[in-house]
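Student: Below are the structure tokens for one structure; questions will follow.
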Amino acid sequence: MAHVVVENLSKIYERGKVRALWNVNFSVEKGEFLVLIGLSGSGKSTLLRCINRLVEPTSGRVFLNGLELTRLSPRAMRRVRRRIGMIFQQFNLVKRATVLQNVLAGRLGYTSTLPSLLGWFPKRDIQRAKECLERVGLLDKMYVRADQLSGGQQQRVGIARALMQEPELLLADEPVSALDPATSHSVMQYIEQINKEDGVTVIASLHFLSLARRYGQRILALRAGEVVFDGPPEAIDDRKFKEIYGEEAEEVEIR
Amino acid sequence: MKRFWAKIRAGVWAGAAALRRRATALWEAGRGFLRAYGWPPLRRAAEFLLAWLKALRIRVLPPLLDLVFLGYLWLATSIAVSFAATGRVAYTLLSWEWFVLVVGVTGALWSAWDQTLGLKVVRHRLSPASPGMRLLYALFWPLFPLTLVTALVDREGRSPAEWFTDLRLVEAGEARPRRWYRSPTGWLAVLGLGVSLAAAVAVTRVDLRAFVTRFEKTLKFWRAIFSPAWDQAGLGLKLLVETLFMAVVATAFAVPVAAALSFLAARNLMRGPLPRLLYTVLRVTGSFTRSIDAIIWAIIFAVWVGTGSFAGVLALFVHSVVDLMKLYAEQIEAIDPGPVEAITATGANRLQVLRYGVIPQIINPFISFTLYRWDINVRMATVVGLVGGGGIGFRLAWYLGAYAFSEATMLTLLIVLMVWSIDWLSARIREKLA
């Protein structure tokens, strides 16, 4: 059984009547690294957010391990979200909080409400947070405010926060779009490592096709909310490329 | 049916009359109380305050009422004219020439009766106009209808419907703009401004000679100002501390209430029909309550719980709650939604999202606003004291009423010192927080 299954997923934003997703179907195997590509506004972010229901789909179904997420109550959905890590284009860290607090926030779903409101986390969670920070090479920045870090470092904190959730699935919404090329590779390598070593399924949206080719095992291309390509990176030739990005587009290399 | 309406009307009149009777009774009771129990300086201060309030009513209310009335008149005329011209009910206001005309004609009528609507409401008659004023009226009122002529003349490329309503129906590019000093409209604008200014000076009775002619009468006052009564310093300091505590108590109690309400008054957190209703109710009552000045709240509470610092604290508290609620809520509305989304994605519940996604982003602005409000409250605490809210302001009003200017000067010095230092302190702290 496939790990994530998306069936006939559609999302129409009521305001402005924008058709963000239209009849999207695909499935992802356990441990796969799937890359979403497409122009800005093609529905990549919406698709990712429909999987963990940060955005409510208009119709269609999403399954995780055979469990239909689109039918869950908000409470049950929160329990499922604990196992779905997510990292963002703008990192979405709490800027005024320390790195450690940001990483610990990844544990909120597992912590009971009252202690967490008072800022108490179990000892083993704090230990875990240190391990996660060590893994992304930021243990020495533990007590630094998040806004003091560089972009690449902030995204690594984001990865550590996702790791705290012990995820089985990692959603990455343009994780390197706000970073320079060298830092982009460093961040992508951390994500790849999580995918290879921990066997975490990754669905990542990427801007650059070269990055998608380098890291993706499989590529799913969206255009105006519809799937226009689903297959291995090698299968994207010049003709396919133009179909995804439009006739005017030219491929840009990023190394 | 007729009898039904008559009944309703009778009810409304009776209600209004009862309200009026009650207000008069309250007023008389207050005066009677003062006459019976107040000792002379307090009585004098109170009489002074009452006279001041009455004068305020006469000076402030009529112009406000007149303005409101004129505004409505303008709006109604606008709608009527645009309906007549275009056949549509449009809310576009008429061009200013029309407003000047409306004001001019109304003003002329009012001056003929020597009564404006606002003055009628407060039942006050103006003193008879001086010959000079009459001349001014006679000269200027007929000028106002002239503005209409310019409205008729100035119609470059405009259809009749357009120049009646000032609606530009043609494309913006087609009409050639003219330099303002080349158009009759521009000249009339300057003339109108001049006339308004002259009228304003006449109405507010600006008389620069008074500075000189009445100076010797204030000599006693000036002398007192430069010889503060130093023996009042001890009492003044005690009252100062009381005033400071009024501000502290009012702020301290207002903060938790305002903070709790602000989450319910933040648009981005209140999604869905029922929360949105709550949001609207809070915002509307908030802005209504805020529009009533702290001084007025102090008067209300001075009557309700008796004069003294408690009334002052209540007034400051009420005003602080609604003011802070708005400031806090706007801060919440301005947060970065990213962290909220990220915390939600980890499977946190609503309270946890609030604690980890929202609060860290707002805590510093909240502290900053609280200090700012405390700063305002310290200043307001003296002012609400003037109208019966206790603290140093109350004593100050009393001295002023008793013509004890040396003592009043001492207190004023202390107030200035306190306000200045609090201002400096809170500015420094807020700087650090930013």
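Every number here is computed from the coordinates shown, using simple stated rules; none is lab data. Because the structure is predicted, anything quoted here is derived from the model rather than measured. No Cβ is skipped: glycine too gets one built from the backbone with ideal geometry, and neighbour counts run over all protein chains shown.
Student: Sorting B:F69, A:F26 on the 10 Å Cβ count, fewest up front, what's the list?
Tutor: Least crowded to most crowded, the residues run B:F69, A:F26.
Student: Just the Cα atoms of the range B:224-353, one point each, no solvent: what log10 I(q)/I(0) does Debye give at q = 0.14, 0.16, 0.20 Å⁻¹?
Tutor: -0.76, -0.89, -1.12
Student: Determine, for B:T106, B:T285, B:T346, the number of other Cβ atoms within 10 Å of each Cβ, and report the residues in order from fewest to most.
Tutor: In increasing order of surrounding Cβ atoms, one gets B:T285, B:T106, B:T346.
Student: For the ranges A:218-228, B:326-336, what's the packing order if you count other beta-carbon atoms within 10 Å of each residue, average per peptide, and put the highest first?
Tutor: Per-residue Cβ counts within 10 Å, averaged per peptide and sorted highest first, yield A:218-228, B:326-336.
Student: Over all residues in A:107-114, what is the mean tally of Cβ atoms on other chains that come within 10 Å of each residue's Cβ?
Tutor: Average per residue, whole number: 4.
Student: How many partner chain Cβ atoms sit within 10 Å of a residue's Cβ in peptide A:83-93, on average, as a whole number?
Tutor: Shielding by partners across A:83-93 averages 4.
Student: Give the share of C-alpha pairs in each 5 angstrom bin for chain A, from 0 to the last occupied bin, in whole percents, shortest bins first.
Tutor: Bin by bin from 0 Å, the calculated values are 1, 6, 13, 17, 19, 17, 13, 8, 4, 1, 0, 0.
Student: What lysines could a cross-link reach from A:K240, if we take a straight Cα to Cα line under 20 Å and drop same-chain neighbours fewer than 8 places away?
Tutor: Of all the lysines, those that pass the test against A:K240 - Cα under 20 Å, at least 8 places apart if same chain - are A:K44.
Student: Still on this structure, I have one more. Taking R0 as 56 Å, what FRET efficiency do you get between A:A178 and B:K217 from their Cβ-Cβ distance, rounded to the nearest 0.05?
Tutor: 0.20
Student: Let me know the charge dipole size of the range B:305-434 about its Cα centre in debye, to the nearest 20, where only the beta-carbon of Lys, Arg (+1) and Asp, Glu (-1) is charged.
Tutor: Approximately 220 debye in magnitude.
Student: Need one value for B:354-360: mean number of C-beta atoms belonging to other chains within 10 Å of its residues' C-beta atoms.
Tutor: Whole-number average of other-chain Cβ neighbours for B:354-360 is 5.
Student: Which pairs break 21 Å Cα to Cα here: A:K11/A:K95; A:K30/A:K242; A:K95/B:K432; A:K95/A:K141; A:K30/A:K123?
Tutor: Result: A:K11/A:K95; A:K30/A:K242; A:K30/A:K123 exceed 21 Å.
Student: Also, I was wondering about something else. Find out how many positive minus negative residues lie around B:T344, taking Lys and Arg as positive, Asp and Glu as negative, among other residues whose Cβ is under 11 Å from that of B:T344.
Tutor: Summing Lys and Arg as +1 and Asp and Glu as -1 gives +4.
Student: Sort B:Y399, B:Y356, B:Y372, A:Y143 by Cβ crowding within 10 Å, fewest neighbours at the top.
Tutor: Sorted ascending by nearby Cβ count, the order is A:Y143, B:Y372, B:Y399, B:Y356.
Student: Given charges of +1 on the Cβ of Lys and Arg and -1 on the Cβ of Asp and Glu, with all other atoms neutral, how large is the dipole of chain A about its Cα centre, in debye to the nearest 20?
Tutor: 1340
Student: Moving on to the next point. Per the helix-only calculation at 222 nm, which mean residue ellipticity applies to chain A, given -39500 (n - 2.57) for every DSSP H run of n ≥ 4 and division by its residues, nearest 500 deg cm²/dmol?
Tutor: Theoretical 222 nm ellipticity from helices: -9500 deg cm²/dmol.
Student: Right, something else. Would you mind pulling out the separation of the Cα centroids of the range A:42-108 and the range B:226-302, in Å?
Tutor: The range A:42-108 and the range B:226-302 have Cα centres separated by 40 Å.
Student: May I pose another question? Please report the relative contact order for the range A:84-166, taking Cα pairs under 8 Å with a sequence separation of at least 6, and give it as a percent rounded to a whole number.
Tutor: Computed over the range A:84-166, the figure is 53 percent.
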